[in-house]
Amino acid sequence: MFKNKFINFLASLKLAIFILLTLAATSIIGTVLPQGQPIAFYFQRYGEAAGQIIKFLQLYDVYHSWWFVVLLVIFSINLILCSLKRLPFSLELYRRDPLAVDPKKLTRMPAAKEVSLKEDYSLAKGKIKEIITKKLGSVKEVEFEDGILFLKDKFRFSYFSVYLVHFSILVVIIGAIIGAIWGFRGNMTLLEGESSNQVILFGLERRTQPLDFSVRCDKFEIEFYPNGMPKEYRSEVTILENGKEVLKAPIEVNAPLTYKGITFYQASYNTFAEVTLRVLKGPRQKVLIIKPFSQSEWAEEALRIGLLGVQEAHGLIAVQLWVSEKESPPVSFWVLERHPRRIELPSGQAIIIELSDIKPVYATGLQVKKDPGVWIVWAGFLGIILGIFAAFFFAHQRYWVAVIPDKNSTKVILAGFSPKARHKVAETIEELAKEVGNLNNAS
Amino acid sequence: MSSSLLLSITTFLYLTAGIFYLFNWIFRWPKFGVAGTFTAASGLLLHTAGFFLRWWESYQLGYGRIPLTNLYESLIFFGWSIVAVYLFMEFKFKSRVIGTFVMPFAFLSMAYASFSTNQEIQPLIPALQSNWLTVHVITCFLGYAAFTVACALGIMYLLRSKAQTKKGIWSHLPDLRTIDDLIYKTILFGFFWLTVGIITGAVWAEQAWGSYWSWDPKETWSLITWFVYAAAIHARLMRGWSGKRIAFLSIIGFASVLFTYFGVNFLLAGLHSYGAG
């Protein structure tokens with residue numbers, strides 16, 4: 001298959017490097033050009049010509065644009081073909097019989113040392129084995145016509161670690177695709193006490209995704225540092241199915257809640273307020289409590305007052321209210337704390353509104369997601385880490401020690417081979433040779 | 001005795017070590033090489049003490065946490081990682097000349113931290129209160145540090161290959177093959193840590209926000225850096241890709257590291273360039 005020129009090109013290392021560098025360079029675009037804005041934004045900001053280019057190349061969403069996806073597809077194909085092309089070679093290296101060497105020719109290895117021992121062969125044999133085993137672990141021994149050969153073959157599996165890395169990258173890509181197709185991501189904002197079964201999905205269209213259960217925020221708790229920054233916040237929620245309370249659980253930052261494959265994250269919060277007002281109309285007065293986005297009624301006076309917003313200005317809290325008498329159109333105004341305000345009603349009468357109390361009411365900002373591919377991605381990540389670790393830190397090393405009787409003395413040839421760990425092997429042979437040589441001094 | 005004091009002393013120790021290494025290189029005085037190693041190692045010890053002292057100081061303030069969370073602390077840790085990775089390499093490969101090229105990076109990181117950033121110990125917002133922070137930051141910085149050393153080696157390589165003569169200061173640098181081999185090994189080391197750094201960041205993001213990858217500028221630039229070094233590693237296998245090209249890649253890669261570390265925060269902050277969904 002690799003004799004075909006085109007396939008060979010798709011499997012080439014040259015293409016791999018080109019794609020990697022192209023992905024690197026083109027990814028920059030999405031970090032400097034604002035993403036996710038409506039098309040009009042780009043035409044307005046960059047003009048007609050640039051706008052057309054941005055539209056055609058889908059630069060408003062670079063990482064999901066057609067050409068970026070094409071690059072990723074070519075990258076994946078290249079990864080698969082490269083690996084298939086190289087696999088036979090790695091298999092051959094793996095299968096190469098380490099014992100298929102001529103012990104006397106070991107001296108030709110790049111890391112080889114020869115030592116002559118005064119000792120007799122049969123004695124030397126045992127002592128040498130001891131030295132090697134202490135340094136390298138258990139060794140294989142094979143008798144050949146001239147003597148004995150010890151062999152240590154370390155980390156032979158490391159030829160395949162690079163395939164684990166490549167395969168795992170593909171696994172991550174597959175997991176991401178599965179998540180993109182069968183998953184969703186969005187928001188859910190709940191006031192304390194509120195419940196919902198709708199998720200507002202991310203993206204410009206703000207579509208909603210209904211869930212087959214509801215989430216109710218029972219309580220939102222928040223603590224602040226002395227300097228005003230949030231220290232900790234969490235929501236206590238209840239899951240309801242068919243009206244029945246099924247589960248009560250907390251959701252904290254960095255500690256999400258998962259139910260039926262859907263996960264809820266404590267992402268943010270909004271602060272609203274519940275205000276207590278004292279309303280005076282002539283000799284009569286009434287205390288009203290108004291919750292966020294709602295209203296209260298003073299039935300006897302046919303007054304309705306609603307809460308529009310709460311803000312802080314110059315260290316004082318201000319609330320924006322509207323008031324309506326009978327059926328007249330509402331009039332809106334601001335009231336500052338400690339500054340009662342006199343409002344003239346359309347009927348001619350006046351009321352005084354005083355802000356007695358403000359209680360913060362929070363709305364919890366939950367991020368909601370479903371991602372059936374996430375565990376596949378995790379598996380891929382694990383494979384990448386293990387594969388790179390094995391590829392870089394467990395290079396295949398081979399050590400041979402041939403012990404050959406030479407009249408009344410013994411000849412020892414030590415050799416090592418490792419395409420990726422030349423230094424380590426040279427060092428080890430050096431040390432082994434020294435230790436073996438020391439046997440001469442011992443006797 | 002405060003952590004800032006210890007760390008300031010460390011900064012000058014690194015500068016001194018760099019000067020010793022420079023003399024070792026230019027004048028071929030091996031005693032200066034030894035002095036360089038000794039000074040750098042002492043600096044690292046003091047640096048480590050300063051790091052833990054600052055950690056302890058944060059407990060005194062009531063919000064105890066590992067000092068890895070703001071620009072000042074990250075620059076301090078970056079400096080620490082550079083010297084730690086360098087000394088590890090010096091020990092393994094027995095070449096002190098590299099110190100001349102590496103120590104300036106460590107010194108600059110520390111100096112910039114001491115003179116230009118807010119050193120206050122601030123408490124952590126809830127999103128940062130996670131054990132993932134420790135793993136993610138440490139692995140990323142080990143990667144950055146290794147890539148810094150690789151860049152220093154790349155510069156060394158280019159200077160050495162320009163040297164026409166076999167005499168003078170240039171000849172005291174290791175030969176091109178050795179430098180090339182060291183660049184490769186350093187990049188491999190850095191690549192492993194960067195990969196773990198990106199992955200731990202993704203897993204943390206998933207746990208905090210439900211999205212292991214959002215194509216936000218920081219994430220995207222770390223991936224860009226990853227692509228560049230992946231290319232450099234594979235380029236090694238290509239015949240015809242000379243050591244010079246790889247030395248250039250190690251410098252370009254470092255530029256990408258710098259942009260990922262600083263550029264994203266300082267230059268892109270106002271742009272809200274987030275991938276759509």
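Could you rank the peptides A:391-403, A:151-163 by their average count of other C-beta atoms within 10 Å per residue, with the highest value first?
Going by the mean number of other Cβ atoms within 10 Å, highest first, we get A:391-403, A:151-163.
If you average the sequence gap of Cα pairs under 8 Å that are 6 or more apart and divide by the length of chain A, what percent do you get for the contact order?
Once normalised by length, the contact order is 21 percent.
When Cβ neighbours within 10 Å are restricted to other protein chains, what is their mean count per residue of peptide B:196-208?
So the per-residue partner count for this stretch is 4.
Local charge sum around B:L75 (other residues, Cβ-Cβ under 15 Å, Lys/Arg +1, Asp/Glu -1)?
For residues surrounding B:L75, the net value is -1.
Can you give the local net charge around A:L191? Use residues other than it whose beta-carbon is closer than 12 angstrom to its beta-carbon, Lys and Arg +1, Asp and Glu -1.
So the surrounding residues net to -1.
Give, rounded to the nearest 20 debye, the magnitude of the charge dipole that the protein assembly as shown has about its Cα centre when Lys and Arg contribute +1 at Cβ and Asp and Glu contribute -1 at Cβ.
3160 debye
Between the stretch A:294-366 and the stretch B:184-208, what is the separation of their alpha carbon centroids in Å?
Taking the Cα centre of the stretch B:184-208 as reference, the centre of the stretch A:294-366 is 54 Å away.
Taking amide hydrogens as modeled 1.01 Å from N in the peptide plane, which residues meet the under 5 Å criterion relative to A:S356, leaving out close sequence neighbours?
HN-HN under 5 Å from A:S356: A:T276, A:L277, A:R278.
Is it possible to state the helix-based mean residue ellipticity at 222 nm for chain A, with each DSSP H run of 4+ residues giving -39500 (n - 2.57), the sum divided by total residues, to the nearest 500 deg cm²/dmol? What is it?
-11500 deg cm²/dmol
What list of ³J(HN,Hα) values in whole Hz, one per residue of the stretch A:221-228 in order, does the Karplus curve 6.51 cos²θ - 1.76 cosθ + 1.60 (θ = phi - 60°) give from phi, with Gly and Pro shown as x?
Going residue by residue, I get 10, 9, 10, 10, 6, x, 8, x Hz, with x marking Gly and Pro.
Nothing charged except the Cβ atoms of Lys and Arg (+1) and of Asp and Glu (-1): what's the magnitude of the dipole of the stretch B:99-193 about its Cα centre? Round to the nearest 20 debye.
Using Cβ point charges on Lys, Arg, Asp and Glu, the stretch B:99-193 gives about 460 debye.
Return the long-range amide H neighbours of A:F202 (sequence gap of 5 or more, or a different chain), with a cut-off of under 5 Å between placed amide H atoms.
Amide H neighbours of A:F202: A:R185, A:G186, A:N187.
Mind jotting down the distance between the C-alpha centroids of the stretch B:240-256 and the stretch A:77-154, whole Å?
With the stretch A:77-154 and the stretch B:240-256 each reduced to a Cα centre, they are spaced 36 Å.
Using a Gaussian network model on chain B with a 10 Å cutoff between Cα atoms, which of B:V257, B:V85, B:V228 fluctuates the most?
Among B:V257, B:V85, B:V228, the largest GNM mean-square fluctuation belongs to B:V228.
Using a simple charge model, +1 on the beta-carbon of Lys and Arg, -1 on the beta-carbon of Asp and Glu, nothing else, what dipole does the stretch A:1-136 show about its Cα centre, in debye to the nearest 20?
That gives the stretch A:1-136 a dipole magnitude of about 760 debye.
Per residue of B:229-236, how many C-beta atoms from partner chains lie within 10 Å of its own C-beta, taken as a mean?
The shielding value for this peptide is 5.
Whole Å is fine, so just give me how far the alpha carbon centre of the stretch B:56-77 lies from that of the stretch B:131-149.
Distance between centres, Cα-based: 16 Å.
In units of 2.2 N^0.38 Å, what is the alpha-carbon radius of gyration of the stretch A:272-360?
1.00
Explain nothing, just the number: relative contact order of the stretch A:272-360, from Cα pairs under 8 Å at least 6 residues apart, as a whole percent.
For the stretch A:272-360, the relative contact order is 29 percent.
Which order do peptides B:105-112, B:260-267, A:14-21 fall in by mean Cβ count within 10 Å, highest first?
Per-residue Cβ counts within 10 Å, averaged per peptide and sorted highest first, yield B:105-112, A:14-21, B:260-267.
What's the ranking of A:301-313, A:337-349, B:183-195, B:200-212 by average number of surrounding C-beta atoms within 10 Å, highest first?
Taking the mean over residues of other Cβ atoms within 10 Å, the ranking is B:183-195, B:200-212, A:301-313, A:337-349.
Report, in degrees rounded to the nearest 10, the 0 to 90 angle that the Cα long axis of helix B:30-60 makes with the longest principal axis of chain B.
Approximately 0 degrees, to the nearest 10.
Per residue of A:363-371, count partner chain C-beta atoms within 10 Å of its C-beta, then hand back the mean as an integer.
Taking the mean over all residues of the peptide, I get 2.
How high is the relative contact order of chain B? Use alpha-carbon pairs under 8 Å, at least six apart in sequence, and give a whole percent.
Relative contact order here is 17 percent.
Return the sequence-ordered ³J(HN,Hα) values of the stretch A:412-428 in whole Hz as given by the Karplus equation 6.51 cos²θ - 1.76 cosθ + 1.60 applied to θ = phi - 60°, using x for Gly and Pro.
Rounded to whole hertz, the list is 10, 10, 10, 9, x, 8, 7, x, 9, 10, 4, 4, 4, 5, 4, 4, 5.
Given H placed 1.01 Å from N in the peptide plane, which residues other than close sequence neighbours of A:V237 have an amide H under 5 Å from its amide H?
So A:V237 has HN proximity to A:D218, A:A249, A:I251.
What are the lysines whose alpha-carbon lies under 27 Å from the alpha-carbon of A:K260, with same-chain residues fewer than 8 places away excluded?
Correct list for A:K260: A:K219, A:K244, A:K248, A:K369, A:K370.
Karplus couplings for the stretch A:87-95 from phi (6.51 cos²θ - 1.76 cosθ + 1.60, θ = phi - 60°), rounded to Hz, Gly and Pro as x?
3, x, 5, 5, 4, 5, 4, 5, 7
Of the options A:L288, A:Q367, A:L151, report the single residue whose Cα projects farthest towards the positive end of the charge dipole of the protein assembly as shown (beta-carbon charges: Lys, Arg +1; Asp, Glu -1).
A:L151
We did not get these values from a lab; they are worked out from the coordinates using the rules stated. Quantities reported herein were computed from a predicted structural model and do not represent experimental measurements. Cβ: placed from backbone, ideal geometry, glycine included. Neighbour counts: every protein chain shown.
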